[in-house]
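Working notes, structure below.
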Amino acid sequence: MTLELNQVAPQVKAMGRSLAQQQTTRAEALARARALLLQWSEQQSALHERIRRAEKVQQTQRFDWVGAAPTAEALAQAHPLPAGPEQVTVIASDGSQIYPDAHALTLYYLINVGCIVYRHGSGQKPLAFNPPPALYFEPDDLFDAQGNLISGGEVSVRRDLAELRVLVDEIPKHTHPGEPVLALMDGQIPLRVIDLPFVQQEQQISRYLEMLDIIRHSGALLAGYIDRSRSNFVLSLLHLAGLEPAQITEERLRRNSFHPLTDIDLFGDLLAPGERSALFAVRAKGQERYTQAGHGIHFFYLNVSARPQTPMLARVEIPAWVAEDAAALDALHATLVRQARISGDYPYVLARADELAVISGDERDAVEMMLAVELRRQRLSPDVSHKQRNKNNFRAGKERYA
Amino acid sequence: MTPQTLTIGWVLRASTTGFIVGCRVLQPGVPQFGDLVKVPLPNTDTDVFGLIYDVQVRDDPAVRQLILAGEMEPEAMLDQRENRLVPIEIGVLVVGYRQNEHIFQGLSPQPPLSLDVLTTCSNAELREFTRELVYLRLILNAGKIPADELIVAHLRRAASAYPPETRRAFLVGAGREIAQLLNFDLGRLDSILKRIRPVEE
């Protein structure tokens, strides 16, 4: 054991004390935020005016105001669990990957996707499957024009695209007349392209938007489910609401008075079991292309818990075309709660899609072994790097001689 | 028309005295405690016969969570039982083997190997195997299995494979065999005999 736990122990104690002290400050901030939520609950026009000012400020600064914009729904309104459709099909996909490793036997990466199609009310066995995993090894897959190795971020983007592709492919196969189809993603809807060069960002977002278009035209509903969200979009809006128009400056916008609270803290006690919050729109410069393409990201908070004493909130993202359809929103709301209650606190299909997709350590080792055998068969001499070999040897464990 | 034999599962691990078979979902009525089953050894003319003495349904954290949540849907149940690998392990006690068309009661020369297929036995095979009852001693002497319960369940099942007019004779013969084996433990003998007593039809 190399970690000196006796030296960590006093730091753990200090951490506990600090967290306890923060509770008072957090409670005060939370009370202020809730008061603002009630005060501004039906003042959507005034809030939109402030958002316009904030966005005007950011135009002249290297600063992006990221927050929530109100919709027609009152901010503080809780929406009870609707009845929902008896028969509804939920399709979920998730992905996993082996990232390229410069210290491994050879350079490659692998993407594996799992998918489940669950038809509520059918009495049928859900369809659970993996499309063929994709192994990438050609130089064009691995290097850019400058010879740089593909980043983990770009592999993640390709995985996200593969996850959405499965949903696009499966929706038409499982559409039944008069029965909603919900395509469910794990995490936020917008593609995370922040690690990519600008040109690639644009290309990948274009591909992604094309697939969102297909889902939209299929008539299916689309949602991204974010468990334990750390977002503070609504708190950013409330911070903005608390500023006088003349006070809206870059510096004041940056200094969010509710930090480090999250929106989950804000809505935690406001939503009874099964209830959802008001619907909000995401305002962020990085998501303008989604809005322009008709997929503007909206969200609400949802308490999937069945027990009043233990709220379990998730943030649910939906594109504008779902947000604008009240019946679709109700179907989505009810179906997500129904899904989450199967396993208690999280949509069953997402847990299963993850289970289908995940590449375990043993499976990764098996892939490495297959590669080693094949490379040797091809009279190549693969080997891990000196660094990796030393790590493997030193981490394998010490032997003690009495 | 029901098939003569049915695949139950595949051997997970084996020894000379018994083996464990894994299967995904129990089929209705198959297998049952006390059933005579067999594993044909590939590339030989040998079948290893055994009796099912244990069926274990394993759990995993996901199944526990679903039970705790308490809002089970039929679709989720089917998913868990048929799509997810919910391992069911069947314990089999070796009681004999067939080689070159001859049945021998006792331990087989070789155990089955991993992934050999376990199947049910037909009624004809059950009658053929139980023509001799020497293997009952193997059951009574086996450790860590519910031997008395196994004998009772197995003999009742075997009797049902005989025509009605010979069932009584079969069970009486089995009773005599057990009486010889358990003449030192009358309480145990009595308990078994009472439960395999032929039912007057």
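The values are calculated or read from the model by the stated rules, or taken from the named source; none is laboratory data. On a predicted model such as this, the values are computed, not experimentally measured, just so you know. A quick note on method: Cβ atoms are made from the backbone with ideal geometry, for glycine too, and the neighbour counts reach across all protein chains shown. Just the protein is used for accessible areas: all its heavy atoms, side chains included, with ligands, DNA and RNA removed. Shrake-Rupley method; radii C 1.70, N 1.55, O 1.52, S 1.80 Å.
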**Request:** Among the residues of segment A:335-373, write down those that are of a type in the set (Lys, Arg), closer than 11 Å to residue A:304 by Cα and in contact (Cβ under 8 Å) with a residue 60 or more places away in the chain.
**Result:** A:338
**Request:** With a cut-off of at least 3 residues that are over 26 Å from residue A:277 (Cβ atoms), name the strands (runs of 3 or more DSSP E) lying wholly within segment A:23-132.
**Result:** A:88-98, A:109-120, A:127-129
**Complete:** Considering residues that are more than 9 Å from every other protein chain (Cβ to nearest Cβ) and either in a loop (DSSP other than H, G, I, E, B) or open to solvent by 30 Å² or more (accessible area, probe 1.4 Å) (or both), the number found within segment B:30-76 is 24
**Request:** Could you tell me which numbered condition residue A:311 fails, if it satisfies all but one of (1) without any contact (Cβ under 8 Å) to a residue 60 or more places away in the chain; (2) farther than 28 Å from residue A:230 by Cβ?
**Result:** (2)
**Prompt:** Here are A:308, A:319: which of them is more than 14 Å from chain B (Cβ to nearest Cβ) and at pLDDT below 95?
**Reply:** A:308
**Message:** For segment B:85-105, check the following and say yes or no: at least one residue is within 14 Å of chain A (Cβ to nearest Cβ) and in a loop (DSSP other than H, G, I, E, B).
**Reply:** yes
**Tally, over segment A:329-347, of residues that are over 24 Å from residue A:297 (Cβ atoms) and either away from chain B (no Cβ under 11 Å) or assigned to a helix (DSSP H, G or I) (or both)** = 3
**Request:** Mind listing whichever residues of segment A:213-231 are open to solvent by less than 50 Å² (accessible area, probe 1.4 Å) and closer than 14 Å to residue A:267 by Cβ?
**Result:** A:226, A:229, A:231
**Fill in**
When every residue in segment A:284-328 that is assigned to a helix (DSSP H, G or I) and aromatic (Phe, Trp, Tyr) is compared, the one most open to solvent (accessible area, probe 1.4 Å) is A:321
**Prompt:** What do you reckon, is residue A:252 part of a loop (DSSP other than H, G, I, E, B) and at pLDDT below 95?
**Reply:** no
**Prompt:** Just a yes or no: is a residue in segment A:90-99 surrounded by 16 or more Cβ atoms within 10 Å (Cβ to Cβ), touching an Asp or Glu at 6+ places or on another chain (Cβ under 9 Å) and acidic (Asp, Glu)?
**Reply:** yes
**Prompt:** Does residue A:208 meet the test of being surrounded by 18 or more Cβ atoms within 10 Å (Cβ to Cβ), among the aromatic types (Phe, Trp, Tyr) and in contact with a Gly (Cβ under 9 Å, 6 or more places away or on another chain)?
**Reply:** no
**Asked** Just wondering, is there one or more residues in segment B:15-24 that are more than 14 Å from the chain's Cα centre (by Cα), among the charged types (D, E, K, R), under 23 Å from residue B:139 (Cα atoms) and surrounded by fewer than 21 Cβ atoms within 10 Å (Cβ to Cβ)?
**Response** no
**Request:** Go over the candidates A:209, A:196, A:107, A:191 one by one and state the one that is closer than 20 Å to residue A:317 by Cα and in contact (Cβ under 8 Å) with a residue 40 or more places away in the chain.
**Result:** A:209
**Fill in**
With criteria (1) open to solvent by 40 Å² or more (accessible area, probe 1.4 Å); (2) touching a strand residue (DSSP E or B) at 6+ places or on another chain (Cβ under 6 Å); (3) more than 24 Å from residue A:340 (Cβ to Cβ), residue A:148 comes up short on (2)
**Pairs with Cβ under 7 Å, 6+ apart, first in segment B:89-118 and closer than 17 Å to residue B:43 by Cα, second open to solvent by less than 10 Å² (accessible area, probe 1.4 Å) and not in a strand (DSSP E or B)** = B:97/B:108
**Request:** With respect to residue B:82, determine if the residue is in contact with a strand residue (DSSP E or B) (Cβ under 8 Å, 6 or more places away or on another chain), within 9 Å of chain A (Cβ to nearest Cβ) and not in a strand (DSSP E or B).
**Result:** no
**Message:** Considering only segment A:133-142, I want to know if a residue exists there that is closer than 30 Å to residue A:89 by Cα and either assigned to a strand (DSSP E or B) or within 14 Å of chain B (Cβ to nearest Cβ) (or both).
**Reply:** yes
**Prompt:** Can you name the helices (runs of 4 or more DSSP H) wholly within segment B:112-182 that have at least 3 residues being on the phi < 0 side of the Ramachandran plot, over 16 Å from the mean Cα position of the chain (by Cα) and surrounded by fewer than 19 Cβ atoms within 10 Å (Cβ to Cβ)?
**Reply:** B:164-181
**Request:** Take residue A:157 and decide whether it is of a type in the set (A, V, I, L, M, F, W, C), farther than 15 Å from residue A:91 by Cα, modelled with pLDDT of 95 or more and surrounded by 21 or more Cβ atoms within 10 Å (Cβ to Cβ).
**Result:** yes
**Asked** Does any residue in segment A:120-142 that is over 20 Å from residue A:371 (Cβ atoms) come within less than 6 Å, Cβ to Cβ, of a residue that is among the polar types (S, T, N, Q) six or more places away or on a different chain, and which pairs are these?
**Response** A:121/A:87; A:128/B:83
**Message:** When you check residue A:102 against the structure, is it more than 14 Å from every other protein chain (Cβ to nearest Cβ), open to solvent by 20 Å² or more (accessible area, probe 1.4 Å) and at pLDDT 95 or above, yes or no?
**Reply:** no
**Asked** Are any residues in segment A:108-127 more than 23 Å from residue A:150 (Cβ to Cβ) and either crowded, with 20+ Cβ neighbours inside 10 Å or away from chain B (no Cβ under 14 Å) (or both), and if so, which ones?
**Response** A:115, A:116, A:117, A:118, A:119, A:120, A:126
